[in-house]
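Worksheet for the structure shown next.
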Amino acid sequence: MVIIEANGGFHLKGYAKVSFKDGKRLEKLKADGTPLRVQQSVLLARKNDTYPSKSHWRVQELAVAKQRQIEEWEHAIEAVVPVAPSGEMTVTAFYETVFLPWLEELVKTGQKSHTTLVSYKRYWDTYLADHFNGTKTFKNYEPYIGAQFLQNLRRTDDDRPYGLNTIRHLHSSASGIFARATELGYCKHNPWREIKVSSVPVIDAEQGEAFTEKEVEAMIANLEKDRNGRSDWNVQLAQCVLAVGIWAGLRPSEIAALQWQSIDLTSATITVCKAYVYGKEKPTTKTGKDRIVPFRDKLTPVLKAWWETNERPESGWAFPNRDGNPVNMNLLSDRIIRPNCEKNKMNWEGYAFYALRRGFGTLLVHDGWSAEEVSKAMGNSIDVVMKSYFVDKENKLAMNARERSRAKVAGGKQ
């Protein structure tokens, strides 16, 4: 502790688990429920003839006496058996004062990845903060409350259910918060373990709106205006990701895992063989099979420019972050693409990266590709392709594609 001179007096400044003024235990706690040492100060004496300077023996004497008193107060609260955390605490207060600091500390020590922290913050800020709204406590939170929340959750733009991945990550985030609260004694059990994701209405990621080629070209052009200085590299990366989505149709996890050795600019093909999801590399694709995607001509100059920017690499991640790891698609969306779209009054909501992929599938159908050909390029079953891209029975284009598909199957059986 130190003596400081401020506001016409001498103050003792330092850290303690109790109040410098009255010795009461402070409410701020560590993740394990024990008191947190908080920086504070207390007035020792006003500056006058009796106490002329902070080095004067009388001021020093007051400081020593106060420091001993604080130490005695701290010993007193340590001798008391800790009181069990209260279930009356709101989930919001727990998240902000206990859970988040604990998770941040684990990230600092390398026990948790920064991606995990980003994921929790994203799902809390986007969905859970409004649900728990600063009033729901651990004591009064029952499984039916969370189940009804997920059951009624809808996208704001079109009132449709969310996709399965969103619901799974949302459920995992809420369950993780309650699991930590259970460990620390704020609640007796984790109610989210009783809430079944399988009971929640969801839409398949392949369903929904598709971006048109013109819309994505406009997004890429709008981002061009943001290319300057320090942000230039990240903006160009975002442009290239959008281009791969609309002109090669890769899933977001496949874009993140794309490597230069899988891109053949001469034959204009991409070999999709792995995925990267929430900080973890998956050695196979969603279907478990590699696929070769012949990409659109418009993608070639974009990939070549990105290849030149990265000094013509022969291997490695095509879209790395500054640390050399695969790009975090959520951060790329939240920090660069969405703000730019909002600024230019363009829609970028929900499964936006999948809207790029659906746009690619739509382009293939309009080019006359058969259902089998679209299925191979996109890594979907023919049933999914027929359901998602050949849905209009009165559409002449769809009918012709169906006839080609049937003819191909019939020809193969002969």
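The values are calculated or read from the model by the stated rules, or taken from the named source; none is laboratory data. In this text the structure is predicted, and so the values were computed from the model without any measurement. For neighbour counting, all protein chains shown are included, and Cβ atoms are generated from backbone atoms with ideal geometry for every residue, glycine included.
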Working only within the range 280-293, note down all residues that are within 18 Å of Ser267 (Cβ to Cβ) and surrounded by fewer than 14 Cβ atoms within 10 Å (Cβ to Cβ).
-> Asp290
Please report, ordered by residue number, the helices (runs of 4 or more DSSP H) entirely within the range 123-192 with at least 2 residues that are touching a residue at least 12 places away in the same chain (Cβ under 8 Å) and crowded, with 19+ Cβ neighbours inside 10 Å.
-> 143-152, 164-184
From (1) under 25 Å from Met386 (Cβ atoms); (2) at pLDDT below 80, pick out the condition that doesn't hold for Asp157.
-> (1)
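Considering only residues that are of a type in the set (Phe, Trp, Tyr), more than 22 Å from Gly23 (Cβ to Cβ) and touching a strand residue (DSSP E or B) at 6+ places or on another chain (Cβ under 6 Å), which ones fall in the range 35-80? Don't jump to the end; show me each part of the working.
Residues of the range 35-80 of a type in the set (Phe, Trp, Tyr): 51, 57, 73.
Those left that are additionally more than 22 Å from Gly23 (Cβ to Cβ): 51, 57.
Passing the criteria: only Tyr51.
What number of residues in the range 243-285 are of a type outside the set (A, V, I, L, M, F, W, C), touching a Ser or Thr at 6+ places or on another chain (Cβ under 7 Å) and under 17 Å from Lys298 (Cβ atoms)?
Narrowing the range 243-285 to residues of a type outside the set (A, V, I, L, M, F, W, C): 245, 249, 251-254, 259, 261-262, 264, 266-267, 269, 271, 274, 276, 278-285.
Okay, now just the ones that are also touching a Ser or Thr at 6+ places or on another chain (Cβ under 7 Å), so 254, 259, 261-262, 271, 274, 276, 278-279.
If we keep only those that are under 17 Å from Lys298 (Cβ atoms) too, we end up with none.
Residues flagged as of a type outside the set (A, V, I, L, M, F, W, C), touching a Ser or Thr at 6+ places or on another chain (Cβ under 7 Å) and under 17 Å from Lys298 (Cβ atoms) within the range 243-285 amount to 0.
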Within the range 257-276, count every residue that is in contact with a helix residue (DSSP H, G or I) (Cβ under 9 Å, 6 or more places away or on another chain), under 18 Å from Pro313 (Cβ atoms) and hydrophobic (A, V, I, L, M, F, W, C).
-> 6
Scan the range 84-106 and report the pairs whose first residue is at negative phi and crowded, with 18+ Cβ neighbours inside 10 Å and whose second residue is in a loop (DSSP other than H, G, I, E, B) and among the aliphatic types (A, V, I, L, M), with Cβ atoms within less than 6 Å and a gap of 6+ or a chain change.
-> Val98/Ala31
Return yes when Ile255 is surrounded by 22 or more Cβ atoms within 10 Å (Cβ to Cβ), closer than 21 Å to Arg358 by Cα and over 20 Å from the mean Cα position of the chain (by Cα) and no when it is not.
-> no
Starting from the range 56-69, take each residue that is surrounded by 12 or more Cβ atoms within 10 Å (Cβ to Cβ) and list its partners that are of a type in the set (Phe, Trp, Tyr), counting only C-beta distances under 7 angstrom and pairs at least six apart or across chains.
-> Arg58/Tyr51; Val59/Phe10; Val59/Tyr51
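Return yes when Ala93 is at pLDDT below 90, under 30 Å from Ser113 (Cα atoms) and not polar (S, T, N, Q) and no when it is not.
Working: at pLDDT below 90: no; under 30 Å from Ser113 (Cα atoms): yes; not polar (S, T, N, Q): yes.
For Ala93, the condition - at pLDDT below 90, under 30 Å from Ser113 (Cα atoms) and not polar (S, T, N, Q) - is not met.
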Quick one: is Ala243 assigned to a helix (DSSP H, G or I) and modelled with pLDDT of 95 or more?
-> yes
